[in-house]
Each structure stands twice: as structure tokens, then as C-alpha cells.
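The values are calculated or read from the model by the stated rules, or taken from the named source; none is laboratory data. None of these values were measured; they are calculated from a predicted model. Here the Cβ is made from the backbone with ideal geometry for all residues, glycine too, and neighbour counts use every protein chain on show. Heavy atoms of the whole protein, side chains included, go into the accessibility calculation; ligands, DNA and RNA do not. Shrake-Rupley method; radii C 1.70, N 1.55, O 1.52, S 1.80 Å.
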Amino acid sequence: MAQHEMTRHETRECAFYILFEMQFQNDTAEELFQVAEEADLLPITDAVKEMVNGVVAHEAELDEIISAYSTKRVINRIPKINLSILRLALYEIRYDAQMPMNAAIAEAISLAKAYGYQEDISFINGVLGNYDVSKEPITDLRAQPGRYRSSSCRRLHSRALRSRRMQLRC
């Protein structure tokens, strides 16, 4: 496929295809990149390779996070589509400094809407939402105004900050 400047969304979607396929094949990422390029199936750019290789390199860590924040399913019972989406989103959240958490979650939801079922969307949103809430100490969240979209989240967050300040004063 002719190389063109891919959007971040297109890069993510190509990486998702490769990661999903890897769960069914014994092929390495490099072998799948080569097959995709030879068959002219996907544009495999350096950004796609970097994303896929990053997820593969951190797969055990990402799976631990998914297991910790999945309240309804153990990891071997999570559909492969959802697992691919979650790994990709968590990789971006943890290792891509330019990717805001809320954007990574929105992109994961977008992939789930395109390739999963309604309950998959809720599940992915729940796992990533639970991770988001517990990821950072409360004191660090003040430095990120506008991080939460809903006013109820901001109010809850403000109460948590006030409570934390009160604990620090005592």
C-alpha cells in the first residue's frame, strides 16, 4: 500500500489489527508486518511498528493492569478484541507522553464501537475508567484542570482534594 501520512487514529487502528491478529497466529509482529505489506492489506509505517512493538514488549505489565482493574472478567475470559483494545490504550496511556488519558480512553471506545458489542464498550470504558481514577495520587490531579469533562466528576474531585488537604493539615 502506498505510504501516506497517517493520522493518529489510522495508526492506532492498523496497530489494533496487527495486535488482534497476533492473538490467533504464532507469528511475530515482524512477520505480520511483512505479510500485511506484501498482501497490500495495511499501511505499515514506523509509527504502527513502534506502537505494536511497544505493546508486545509490555504485554505482561499491561495484562497485570487489565487483571487488576477488570472487576467482572478474568483476563483469559476477556474477548480477544477487547484485550487488544485495552492493551493498546493502556500502552498509550503509560508510554506515550503526548497522549492524554481521556483521548486514549475515547479512542479505545471508538475502536470498541467499531469492532465490538455494546457490552464490550461498557467493559472497556469501565476498566480504563477504573485505571484512570486510581492511576495518580490526588495531589497530582490539581495540575490538570479540565481533565474531567462532567461537572459531577469535577465536584467529586474537588471534594477529594479538600479532604486530602484537611488530612495533610492534621
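Has the range 48-57 got at least one residue that is assigned to a helix (DSSP H, G or I), open to solvent by 30 Å² or more (accessible area, probe 1.4 Å) and more than 15 Å from CYS14 (Cα to Cα)? Within the range 48-57, one or more residues are assigned to a helix (DSSP H, G or I), open to solvent by 30 Å² or more (accessible area, probe 1.4 Å) and more than 15 Å from CYS14 (Cα to Cα).
The residues of the range 4-30 that are of a type in the set (D, E, K, R) and either assigned to a loop (DSSP other than H, G, I, E, B) or open to solvent by 80 Å² or more (accessible area, probe 1.4 Å) (or both), listed by number, are GLU5, ARG8, ASP27, GLU30. Filtering the range 70-94 to residues that are open to solvent by 60 Å² or more (accessible area, probe 1.4 Å) and either in contact with a strand residue (DSSP E or B) (Cβ under 7 Å, 6 or more places away or on another chain) or assigned to a helix (DSSP H, G or I) (or both) leaves ASN76, ARG77, LYS80, ARG94.
Looking only at residues that are exposed (fewer than 14 other Cβ atoms within 10 Å of the Cβ) and of a type in the set (A, V, I, L, M, F, W, C) in the range 58-69, which one is farthest from MET22 (Cα to Cα)? Filtering the range 58-69 for residues that are exposed (fewer than 14 other Cβ atoms within 10 Å of the Cβ) and of a type in the set (A, V, I, L, M, F, W, C), the one farthest from MET22 (Cα to Cα) comes out as ALA68.
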